[in-house]
There are 2 protein chains.
Amino acid sequence: MERQTPVSPPGKLKIINAMRTLLENRTFESLTISEIAVTAGVTEGLIYKYFKDKRDLLHHVLKEHYQLFLVQIERDLQGIDGALNKLKKIIWSSIERYANHRVFARIILLEVRNSEEYFQSEAYDLVRRFNHIIIDIINEGIAAGEIREDLPAGYIRNAIFGTIEHSCLNRVIFNETVSTNDAAKLITDLLFHGIKRSCNGSLPSL
Amino acid sequence: MERQTPVSPPGKLKIINAMRTLLENRTFESLTISEIAVTAGVTEGLIYKYFKDKRDLLHHVLKEHYQLFLVQIERDLQGIDGALNKLKKIIWSSIERYANHRVFARIILLEVRNSEEYFQSEAYDLVRRFNHIIIDIINEGIAAGEIREDLPAGYIRNAIFGTIEHSCLNRVIFNETVSTNDAAKLITDLLFHGIKRSCNGSLPSL
DNA sequence: AAGTTTGGTAAATAATATTTACTTACTATT
DNA sequence: AATAGTAAGTAAATATTATTTACCAAACTT
């Protein structure tokens with residue numbers, strides 16, 4: 001028995017593409033199934049053949065985005081040595097992603113988290129995988145003496161992502177534009193050296 | 001012409017209380033207007049007399065919560081000198097609030113941000129006011145030489161709230177329980193001194 | 001060639017947010 | 001005291017929209 005290449009039927013692809021297109025200018029909640037169906041050129045019923053409900057369709061689109069992002073991140077990290085250097089790169093990549101994919105920034109930061117199903121979805125599985133990557137790097141840094149050992153790795157991860165997300169949130173909500181490089185540099189510096197003024201605080205060696 | 005004390009009619013109060021009660025165990029989206037009306041002991045129509053829509057009712061409940069929180073914060077800060085000490089207290093108060101008001105933590109962190117109206121609501125006005133307080137403290141700290149002057153105040157604020165919110169998010173989603181004091185201490189230490197291991201990093205003087 | 005799966009349609013259903021038209025009671029004014 | 005006006009509240013109608021159901025046709029299996 002050969003394994004069939006599970007190529008998606010055209011209708012399914014059209015639905016997914018329509019969803020992505022509509023999300024470009026519209027909020028998830030404001031989209032109606034009928035609208036999605038019309039844009040995709042299929043009937044409403046077909047959407048429910050391939051997706052459990054409207055949210056499930058969103059999660060699918062999001063999952064595809066995360067898949068690309070994870071590939072990109074793995075690639076970005078190649079050839080970089082040292083936990084702090086890796087974290088620095090991850091911070092940059094994350095900010096760059098939010099800046100260049102405003103739609104997904106909006107969805108991820110604002111629109112998807114208010115359903116319990118999201119945290120059970122395959123999309124969120126990929127978020128977990130990403131988290132693991134970070135935690136591993138942090139632990140590597142602690143073991144190597146690069147990162148303080150008196151802070152739990154989970155808190156460090158929360159600080160990194162909390163800071164990034166909160167910073168990007170303002171950009172999403174109020175449509176501000178900031179240079180990715182500047183933001184990444186500032187956030188890295190802040191998280192690595194802290195906000196307190198001290199003997200070595202203002203001269204980041206990195 | 002005397003100014004009338006604008007005392008809320010009983011129906012309105014019943015609606016607000018019903019909403020608060022229902023939110024205790026239920027997610028906002030899952031609540032129906034009819035359910036809220038039945039719980040409040042009023043008819044559905046009355047809800048629309050006092051609130052523009054379901055969301056507006058949520059924003060009202062949230063606003064009342066923020067009002068109490070702001071009063072509490074102002075009080076918490078009294079008698080504390082030094083920007084870093086004030087920030088430390090604010091971090092503690094914020095974490096304490098999320099820990100002791102899990103319902104509002106859920107609403108604020110997950111359920112309310114996916115509507116544009118929220119960012120125009122009176123509830124969000126109070127968030128802005130809170131933000132101003134923080135920014136002022138940060139600038140005070142920079143002026144006094146307590147806080148690094150090469151980091152924009154906005155980024156510092158984002159780091160503080162991003163870290164707090166991200167940390168509390170995990171607790172809300174996965175129902176973890178962590179001691180407020182421990183979390184506050186760790187987060188403060190992390191933000192003040194950074195994650196990088198350095199000569200003075202592991203011996204916080206605060 | 002018969003049976004079964006797959007891609008797809010079209011209309012019915014059901015849930016539920018919101019509106020409308022209407023009552024009743026109170027408050028102020030002359 | 002009569003009346004106009006307003007605020008609190010009701011009950012039912014409406015309208016939107018997600019979701020389900022029943023059905024069709026082509027393709028694939030054996």
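Relative to its Kirkwood radius, the Cα radius of gyration of region B:133-178 gives an Rg/Rh of 1.17. Here the label points at B:ASN17 and B:GLN72, each 7 Å from Cα along the C-beta direction, are separated by 2.1 nm in the simple model. Site-free segments of chain A were taken between GluC sites (Glu not before Pro) in DSSP loops having at most 15 other Cβ atoms within 10 Å, sites themselves excluded; the longest one is A:3-148.
Just check region A:89-206 against the gyration tensor rule for me: Cα atoms, a ≥ b ≥ c as the square roots of the eigenvalues, rounded for a/c under 1.5, and otherwise prolate or oblate depending on whether a/b exceeds b/c. Oblate. This model, with +1 at the C-beta of Lys and Arg and -1 at the C-beta of Asp and Glu, gives region B:1-50 a dipole about its Cα centre of some 160 debye.
For chain A, the mean projected area of the C-alpha convex hull, equal to one quarter of the hull surface, is 15.1 nm². Counting only other chain Cβ atoms within 10 Å of each residue's Cβ, the peptide A:145-155 averages 5. Look at the stretch B:75-83: the mean tally of other chain Cβ atoms within 10 Å of its residues' Cβ atoms is 0. Partner shielding of A:175-186 amounts to 1, given as the average count of beta-carbon atoms from other chains within 10 Å of each residue beta-carbon. Local charge for B:ILE15 was computed over the other residues whose Cβ lies under 15 Å away, with Lys and Arg +1 and Asp and Glu -1, and equals +3.
With 0.36 nm allotted per residue and the present C-alpha distance subtracted, the A:PHE174-A:GLU35 stretch has 47.3 nm of extension available. With a Cα-only, solvent-free Debye model of the protein assembly as shown, what are the log10 I(q)/I(0) values at q = 0.07, 0.08, 0.10, 0.12 Å⁻¹? Those come out to -0.38, -0.50, -0.77, -1.06, one per q.
Take A:THR21, move 7 Å from Cα toward the beta carbon, and the resulting point lies 4.9 nm from the same point in each other copy, nearest first. Projected onto its three principal axes, the C-alpha set of region B:1-50 covers 46, 21, 16 Å, listed from the longest axis down. Over all other residues within a Cβ to Cβ distance under 12 Å of A:SER179, the charged ones net out to -1, with Lys and Arg as +1 and Asp and Glu as -1. Here the simple spin-label model places points 7 Å from the Cα toward Cβ, and for B:LYS49 and A:ASN131 these points are separated by 4.7 nm. Distances, shortest first, from the label point of B:GLU122 to those at the same position in the other copies read 4.7 nm; the point lies 7 Å along Cα to C-beta. Taking every full run of DSSP H in chain B, the ones that stretch at least 30 Å from end to end by Cα along their long axis and average -0.5 or higher on the Kyte-Doolittle scale are B:54-77, B:122-143, B:153-174. Please compute the contact order of chain B in relative form: average sequence separation of alpha-carbon pairs under 8 Å and at least six residues apart, divided by the residue count, as a percent. Rounded, it is 20 percent for chain B.
Dividing the convex hull volume of the alpha carbon atoms of region A:14-91 by its residue count gives 105 Å³ per residue. Straight-line reach from B:LYS89: taking Cα to Cα under 24 Å and skipping same-chain neighbours fewer than 8 places apart, the lysines in range are A:LYS196, B:LYS63, B:LYS185, B:LYS196.
Dipole check for chain A: with +1 at the C-beta of Lys and Arg, -1 at the C-beta of Asp and Glu, and the Cα centre as origin, the magnitude is about 280 Debye.
Bear in mind these aren't lab numbers, they're just calculated from the coordinates by the rules spelled out. Only a predicted model underlies this, so the values are computations on that prediction, with no experimental measurement involved. Neighbour counts are summed over all protein chains in view; Cβ atoms, including those assigned to glycine, are modelled from backbone coordinates with ideal geometry.
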